[in-house]
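Below: one structure, written as structure tokens.
Nothing in this text is a laboratory measurement; each read-out follows from the coordinates by a stated rule. Here the structure is a predicted model, which is why all the values come from computation and not from measurement. Here the Cβ positions follow ideal geometry from the backbone for every residue, glycine too, while neighbour counts run over all protein chains shown.
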Amino acid sequence: MVTNRLLISLIVSMLLVFSATSIAQETAVADAEAASREKFRSLDEDVQNLKKEVLDLNRDLFLLEEELLFPANSQVAFFVSLDVGEYFDLDSVNLKIDGKEVANYLYTEREAEALARGGVHRVHMANLKTGDHELIAIFTGAGPNIRDYRRGATLTFDKGIGAKYIELEITDRVKKQQPEFVIKEWE
Amino acid sequence: MKMKNILLGLLFSAFAATSLASSGLTGQAAPDFALKSASGENLRLSEYRGDVVMVNFWATWCGPCRQEMPLLDELYSRYGRVGFSLLGVNIDDNSSKAMNMVSELGVSFPVLFDSNKAVSKLYEVDAMPVTVLIDREGTVRYVHLGYKPGYEEKYLDQIRSLLRE
């Protein structure tokens with residue numbers, strides 16, 4: 001009888017020890033999993049942060065490059081436009097800034113047609129210091145009665161702080177039946 | 001000492017290979033240009049994108065050019081309707097001489113005048129004639145320096161293969 005009791009208590013105690021061990025093991029596994037999950041999360045955050053930093057750096061470099069190549073403050077863009085163009089077939093535009101030739105653009109038939117349909121062509125972009133500058137634009141083409149036509153237009157403009165846009169506009173002067181060449185600054 | 005020589009040799013050959021590769025236009029995007037043509041219109045290369053384009057640089061004082069031009073004209077009349085264009089760029093200082101030669105030879109392809117040699121410089125023309133073949137994407141695929149009888153066979157093969165692409 002005593003032996004039986006001893007045996008039962010032994011079995012019960014062994015069972016208790018086993019269950020305690022397995023509980024401890026489970027807890028340890030759960031802890032390890034949580035720790036590794038935490039580790040992964042922090043690693044993922046690190047990667048995300050690094051990605052963001054790379055993107056920021058890329059954006060900054062792009063802006064810096066653009067500012068260095070065409071600083072907004074010294075940028076001047078020149079555009080050619082054609083209004084109606086009944087009295088003038090555009091052949092080429094030659095631009096001189098402060099006496100130095102900067103652009104000589106030949107227009108193909110297709111390009112001239114695009115201008116006649118309302119297109120605006122950026123013929124040149126420059127970086128200029130602040131102060132006064134002289135622009136001379138020479139337009140060649142065929143005028144009324146398909147005669148060779150060559151006309152110049154001059155503008156002295158003040159380059160202040162900030163970008164500047166200048167339009168070289170070819171319009172028709174119906175009264176005189178002649179083309180007109182106007183250079184104007186965009187406000 | 002021997003090792004140093006080998007290293008120097010390797011360096012030199014690498015430099016030579018680089019300079020050789022950078023001197024050619026083959027495989028590069030064809031530099032765009034616009035020039036006045038004999039008919040009076042301005043022609044721009046980029047407007048021929050989608051066609052196989054041959055740009056032939058020639059001069060009136062160049063004998064092989066005179067031989068080559070009628071053969072090029074044959075290619076132009078044969079393949080012109082299937083997407084092949086030919087631009088003959090004359091580099092003479094005086095375009096009237098070129099006009100005379102064109103009418104004398106009776107060629108029908110567009111002839112452009114590069115009197116200030118800006119386009120010739122762009123295409124690194126240092127021989128006469130120079131024939132450049134550009135694919136439909138606008139990439140320079142073949143550059144031929146000079147002309148010898150039989151070159152037209154090469155042109156024919158290359159034009160046909162570029163048209164098939």
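Computed values, structure above
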| item | result |
| --- | --- |
| For A:F79, residues with placed amide H under 5 Å, excluding near neighbours | A:V123, A:I166, A:E167, A:L168 |
| Over the protein assembly as shown: helical MRE at 222 nm, DSSP H runs n ≥ 4 each giving -39500 (n - 2.57), nearest 500 | -14500 deg cm²/dmol |
| For chain A, built as a Gaussian network whose Cα springs stay under 10 Å, the top-fluctuating residue of A:L68, A:L55, A:L43 | A:L43 |
| In order through the stretch A:39-54: 3J(HN,Hα) via Karplus (6.51 cos²θ - 1.76 cosθ + 1.60), integer Hz, x for Gly, Pro | 4, 4, 4, 5, 5, 4, 4, 4, 4, 4, 4, 5, 4, 4, 5, 4 |
| Point-charge dipole on Cβ atoms (K/R +1, D/E -1) for the protein assembly as shown, about Cα centre, debye to 20 | 700 debye |
| Between the stretch B:57-122 and the stretch A:88-126, the Cα center-to-center distance that results, in Å | 26 Å |
| Stokes-Einstein D for the protein assembly as shown, Kirkwood Rh over Cα pairs, 20 °C, 1.002 mPa s (µm²/s) | 80 µm²/s |
| Cβ-defined net charge surrounding B:C62, 15 Å radius [Lys, Arg +1; Asp, Glu -1] | -2 |
| Vicinal HN-Hα couplings computed from phi for the stretch B:87-102 (Karplus, 6.51 cos²θ - 1.76 cosθ + 1.60; Hz; Gly/Pro x) | 10, x, 9, 8, 10, 5, 5, 10, 6, 5, 4, 5, 4, 4, 5, 4 |
| Spin-label model distance (nm) - A:E113 vs A:F79, 7 Å beyond Cα toward Cβ | 2.3 nm |
| Dipole magnitude of chain B, debye to nearest 20 (Cβ charges: Lys/Arg +1, Asp/Glu -1, about Cα centre) | 520 debye |
| Projected label distance in nm at A:K39 and A:W186, using a 7 Å step from Cα toward the beta-carbon | 5.9 nm |
| ³J(HN,Hα) computed for each position of the stretch B:122-133 - Karplus, 6.51 cos²θ - 1.76 cosθ + 1.60, integer Hz, glycine/proline x | 4, 9, 6, 6, 10, 8, 9, x, 10, 10, 10, 10 |
| Rounded to the nearest 20 debye, dipole of chain A from Cβ charges on Lys, Arg, Asp, Glu | 160 debye |
| Footprinting exposure proxy for B:R81, A:R151 (fewest neighbouring C-beta atoms within 10 Å first) | B:R81, A:R151 |
| A:I161, A:I166 arranged by Cβ crowding within 10 Å, fewest neighbours leading | A:I161, A:I166 |
| Local electrostatic count, A:E169, Cβ distance below 10 Å [Lys/Arg +1, Asp/Glu -1] | -2 |
| Radius of gyration and maximum dimension Dmax of chain B, Cα, Å | 18.1, 66 |
| Long-range HN-HN contacts of B:A30 with modeled amide H, under 5 Å | B:T139, B:V140 |
| Extreme residue, positive dipole direction of the protein assembly as shown, given options B:F109, A:L68, B:P70 (C-beta unit charges) | B:P70 |
| Summed residue charge, Cβ within 14 Å of B:L87's Cβ, Lys/Arg positive, Asp/Glu negative | -3 |
| Ranking of B:M101, A:M14 by count of other Cβ atoms within 10 Å, fewest first | A:M14, B:M101 |
